[in-house]
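Report on the following structure.
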Amino acid sequence: MKKYGLNEITFMQYIFLNFGMVLSIGFLSLPRVLSEQAGTAGWIALIIVWVISMAASLIVVQVMKRYPDGTLLDLVTVYLGKGAGKVVAILFALYLCYYGYTGLVYTVLIIKQYLLQQTPAYIIMILLLIPTYVIVRNGLRILGRYVELVMLLSLWIPIVYLLPLKDAHWLRLFPVLKEGWEPVFAAVPSTFYYHIGFSTTFILYPFLKNKRMASIGLVISYTLTMLMYLFITIICFAYFNSDEIMEYNEPTINVLKTIEFTFISRIEVIFIAFYLLIFSLSWIPTMYMSVFCTTWLIGKQDHRNHLRLLWVFIAVGTFFFMPTVFQSEKMNTLLGQIGLGVEYIAPVCLLLYVSVHDRFRWRKHL
Amino acid sequence: MNKRMLNVIFIFLLVSFVPGCRDRLDLENSTNNLALGVDLDNEDNLLFYLHNPVYGRGIKNENLVLKVKSQTIRQARGKQDEQAPGVITGRKVQVMLIGKRILEHEDWFQMLDVFFRDMKNPLTPRIIAVNGPISDIMYLNPKDQPILPLMLRGMIDTKSAKSETVQTTLQNLHWQMVEKGVTPCISEIQLDKAKRIMLTGAMLLDHKGKFKTSLDTEDTILLQILNKNAKQPVNLTLTIPGHEKSGPIHTDHVSILVQSMNTKVKTSYQQNKFRFDINIKMPVDLTELSFPFDVRKNGKELENSISKQVQKKFVNLIKKIQEQQIDPIGLGLNARAHEYRQYKKVEDHWGEALSKADIHISVKVNIRSMGPLK
């Protein structure tokens, strides 16, 4: 009863989907947030959150193992009944939609700030939505390939970040624990926001070709995320001093501003344009999964009509209302809080319920 | 059939509404600002100078210099726009000249906020202090040199590679201003009597950007060694005492090329003050010797006297810095990294704390080669 067999994704695509979604937008402001909260010790919080996130994502896999051929929605229907399945589908669709919209808004604001100051926001939004439609329309397999391509095209990013190191002072990283351990733990909650995205496993699991590898895939993608975050954070900390880093909204972009080549002087403009590929991973997969949930709700297979509706809704909506930078920041914080509930707390409850339920039934069968 | 029509209409709509060319600016319509100058006139009014190249047939003077009185940089651009043939853009600013009269006041750095806030502006312009009025330099227009902004930038880039001046970009300056454990240090130029631009070394400022003292090129080289910024070989010429001078000819000099030196700073806190032990290992190549000397035989002796002379110069430089209560070396970074608790107490007046600190310098010169002569 492989009802999702047509759209399988490979192990590699699964890793990249997770990695890309988690990383997509967070890395721009992460060093500032860490520095604000914990000073030079901020990077330790990353390692703590890495362990917690891995644990939480493994719980998700444990839950999904109980019903390997269906998504979260099918699983909830089986365990809790049809009504509950529908409620979960709506909530999950809303969450993913919000996730995607937040990413889109943030990207539009970044483009407006750094690249196209005079172009109206709704035009940028439509320009971003066109390729989104083309990819999402074709379903999960194409999405997986797109993510793979984006990763290949972005391999240069870590190398570029080595260039500003000529101006770095490694002494700025010390003393590591300025004020003891307290600030490090204080930084942990706000770091969770930068690690949400693994709940996609709830939807992706049945599509995965080799399901036994799911846990390993998550571990790999989280380790990649942690290494990438750590890399960028440490470079920002060595490049800016701890007072300075808080003055920039996106220190990760500012680091690049002083790179000069003899043949081109303002290189960061090109870099930001390239970043858009990575940013796109925050809304393209989520938009797909969101419409997947809504089409599941009405019991159809073709997700394209819902996608078109969502597309038009966002495009027209942006024409009338575009959040400001402050609103966008609030949206991000809210997303972090919701994400904490959806991705860290909900799976634990679900796992408890499911295992209790299974044991109970097992006794009854005896 | 119907669907195809829909698609065509949709594509037509997109093509007509979506093209995002609103940020376009043709080169013909822009006046590219390459050098920006900020100065005070005699009545303490802020003056802004813009140096722009102009192209076109029949134009004799290819430099357009605009000067306006204004309160801020952005406001000045508006006023300058009235005089310029095109839209003034600051995307290509190469150098930023700051008059010494400005540097005698505090808090001028805040004026440059527009460069950090408006992403269209670059953060790479070299900051240059001008000893004298900026108008002299802006209107100089020498016939035998490239246009001013390119010439200045070339000067800074090549001389700073040899450590004869510092390469402080706007981004570096921002760090030096914000960081409490270091004080700014920028390049300095002036006009000599024959009206030629001279790069005289570096200018040291205090925490708020106020002028403290100037360093000549030799002191700048030493400072760059202490800063660990001297990445390429540097030249030093020293006098060795004990060799007599005959008439106007100096016969007591030795020139050395210092390469891959190693500067180590040890930080400690003793008797209520900081203590820094700076050890410098200098491998040198002899390049010039203006007195007869058998280097092959008495190499050790020469090594010792060079070490002593270099050390003396370093001590003088440190003394000068301590007198002015500034820290262009960035010893504050070392203090924070190693003695954080003590540093935290004096963080806000680090210059003062440094002036009380014990700084010990030891230089170890090691002659690697003497050239083809013995």
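Got at least one residue in the stretch A:106-127 being away from chain B (no Cβ under 14 Å) and closer than 23 Å to A:Gly339 by Cβ? Looking for residues that are away from chain B (no Cβ under 14 Å) and closer than 23 Å to A:Gly339 by Cβ, one finds at least one in the stretch A:106-127, hence yes.
Can you find a residue that is part of a strand (DSSP E or B) and more than 14 Å from chain A (Cβ to nearest Cβ) anywhere in the stretch B:17-31? First the steps, then the outcome.
So the first thing to find is which residues in the stretch B:17-31 are part of a strand (DSSP E or B), and the list is B:30-31.
Those still in the list that are more than 14 Å from chain A (Cβ to nearest Cβ) too: B:30-31.
The answer is yes; a qualifying residue exists.
Within the stretch A:155-194, being assigned to a helix (DSSP H, G or I), within 14 Å of another protein chain (Cβ to nearest Cβ) and aliphatic (A, V, I, L, M) holds for A:Leu163, A:Leu165, A:Leu171, A:Leu173. Tell me whether the stretch B:35-48 contains one or more residues that are within 14 Å of another protein chain (Cβ to nearest Cβ) and closer than 25 Å to B:Asn121 by Cα. For the stretch B:35-48, residues within 14 Å of another protein chain (Cβ to nearest Cβ) and closer than 25 Å to B:Asn121 by Cα: absent.
In this structure, A:Leu80 does not satisfy being away from chain B (no Cβ under 14 Å), within 30 Å of A:Ala186 (Cα to Cα) and open to solvent by 50 Å² or more (accessible area, probe 1.4 Å). Going through (1) among the polar types (S, T, N, Q); (2) more than 11 Å from chain B (Cβ to nearest Cβ); (3) not in a helix (DSSP H, G or I) one by one, A:Thr132 falls short only on (3).
Is it true that some residue in the stretch A:37-45 is crowded, with 23+ Cβ neighbours inside 10 Å, closer than 23 Å to A:Ile345 by Cα and of a type outside the set (D, E, K, R)? Looking for residues that are crowded, with 23+ Cβ neighbours inside 10 Å, closer than 23 Å to A:Ile345 by Cα and of a type outside the set (D, E, K, R), one finds at least one in the stretch A:37-45, hence yes.
Any chance the stretch A:289-307 includes a residue that's at negative phi, charged (D, E, K, R) and either in contact (Cβ under 8 Å) with a residue 24 or more places away in the chain or open to solvent by less than 10 Å² (accessible area, probe 1.4 Å) (or both)? Yes: one or more hits. Checking each residue in the stretch B:87-106 for being within 14 Å of another protein chain (Cβ to nearest Cβ) and at pLDDT below 85 picks out B:Val87, B:Thr89, B:Gly90, B:Arg91, B:Lys92. Selection of the stretch B:179-201 for residues being hydrophobic (A, V, I, L, M, F, W, C) and modelled with pLDDT of 85 or more yields B:Val182, B:Cys185, B:Ile186, B:Ile189, B:Leu191, B:Ile197, B:Met198, B:Leu199.
Would you check which residues across the stretch B:96-153 are over 21 Å from B:Lys208 (Cα atoms) and in contact (Cβ under 8 Å) with a residue 60 or more places away in the chain and list them? Residues satisfying the conditions are B:Pro133, B:Ile134, B:Ser135, B:Ile137, B:Met138, B:Tyr139, B:Asn141, B:Ile147, B:Leu148, B:Pro149, B:Leu150, B:Leu152. Scanning the stretch A:94-122 for residues that are of a type in the set (A, V, I, L, M, F, W, C), open to solvent by less than 10 Å² (accessible area, probe 1.4 Å) and farther than 23 Å from A:Arg266 by Cβ turns up A:Leu96, A:Leu104, A:Val105.
Condition check: open to solvent by 100 Å² or more (accessible area, probe 1.4 Å), over 31 Å from the mean Cα position of the chain (by Cα) and assigned by TED's automatic domain parsing to the domain that holds B:Arg153. Does B:Lys60 satisfy that?
Details: open to solvent by 100 Å² or more (accessible area, probe 1.4 Å): yes; over 31 Å from the mean Cα position of the chain (by Cα): yes; assigned by TED's automatic domain parsing to the domain that holds B:Arg153: yes.
So B:Lys60 passes the test.
Here's the yes/no breakdown for (1) farther than 15 Å from B:Ser255 by Cα; (2) at pLDDT 85 or above; (3) open to solvent by less than 60 Å² (accessible area, probe 1.4 Å):
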site	(1), (2), (3)
B:Phe293	no, no, yes
B:Val310	no, yes, yes
B:Glu323	yes, yes, no
B:Asp327	yes, yes, yes
B:Val346	yes, no, yes
B:Ala353	yes, no, yes
B:Arg368	no, no, no
B:Gly371	no, no, yes
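Filtered by the rule that a residue be open to solvent by 10 Å² or more (accessible area, probe 1.4 Å), touching a residue at least 12 places away in the same chain (Cβ under 8 Å) and away from every other protein chain (no Cβ under 14 Å), the stretch A:135-154 gives A:Ile135, A:Arg141, A:Arg145, A:Tyr146, A:Glu148, A:Met151, A:Leu153, A:Ser154. Taken together, B:Glu347, B:Glu303, B:Glu339, B:Glu323 contain a single residue that is among the charged types (D, E, K, R) and under 24 Å from the mean Cα position of the chain (by Cα), which is B:Glu323. When we screen B:Met177, B:Met198 for residues that are within 14 Å of another protein chain (Cβ to nearest Cβ) and either assigned to a loop (DSSP other than H, G, I, E, B) or surrounded by fewer than 22 Cβ atoms within 10 Å (Cβ to Cβ) (or both), the only hit is B:Met177. Within the stretch B:155-174, the set of residues being within 14 Å of chain A (Cβ to nearest Cβ), open to solvent by less than 50 Å² (accessible area, probe 1.4 Å) and in a helix (DSSP H, G or I) comprises B:Ile156, B:Asp157, B:Ser160, B:Ala161, B:Leu170, B:Gln171, B:Asn172, B:Leu173, B:His174.
Residue-level analysis places A:Ala56 outside the set of residues that are closer than 11 Å to A:Ala187 by Cα and crowded, with 21+ Cβ neighbours inside 10 Å.
Among the residues of the stretch B:52-86, which ones are in a loop (DSSP other than H, G, I, E, B) and in contact with a strand residue (DSSP E or B) (Cβ under 7 Å, 6 or more places away or on another chain)? Scanning the stretch B:52-86 gives B:Val54, B:Glu62, B:Ser70, B:Gln71, B:Gln83, B:Ala84, B:Pro85, B:Gly86.
One residue stands out in the stretch B:145-154 among those that are aliphatic (A, V, I, L, M) and open to solvent by 30 Å² or more (accessible area, probe 1.4 Å): the one that is nearest to the other protein chains (Cβ to nearest Cβ), namely B:Leu150.
Residues in the stretch B:15-28: is at least one within 16 Å of B:Asp118 (Cβ to Cβ) and open to solvent by 30 Å² or more (accessible area, probe 1.4 Å)? So far as the stretch B:15-28 goes, yes, one or more of its residues are within 16 Å of B:Asp118 (Cβ to Cβ) and open to solvent by 30 Å² or more (accessible area, probe 1.4 Å). On inspection, A:Tyr229 passes the criterion of being part of a helix (DSSP H, G or I) and of a type in the set (Ser, Thr, Tyr).
Taking the criterion of being more than 14 Å from chain A (Cβ to nearest Cβ) and open to solvent by less than 50 Å² (accessible area, probe 1.4 Å), the residues of the stretch B:115-144 that qualify are B:Ile128, B:Ala129, B:Val130, B:Gly132, B:Ile134, B:Ser135, B:Ile137, B:Met138, B:Leu140, B:Pro142.
The values are calculated or read from the model by the stated rules, or taken from the named source; none is laboratory data. Since we're looking at a predicted model, the values are computed, not measured. Virtual Cβ from ideal backbone geometry, glycine too; neighbours counted across all protein chains shown. These accessible areas exclude ligands, DNA and RNA; they are computed on the full protein's heavy atoms, side chains included. Shrake-Rupley method; radii C 1.70, N 1.55, O 1.52, S 1.80 Å.
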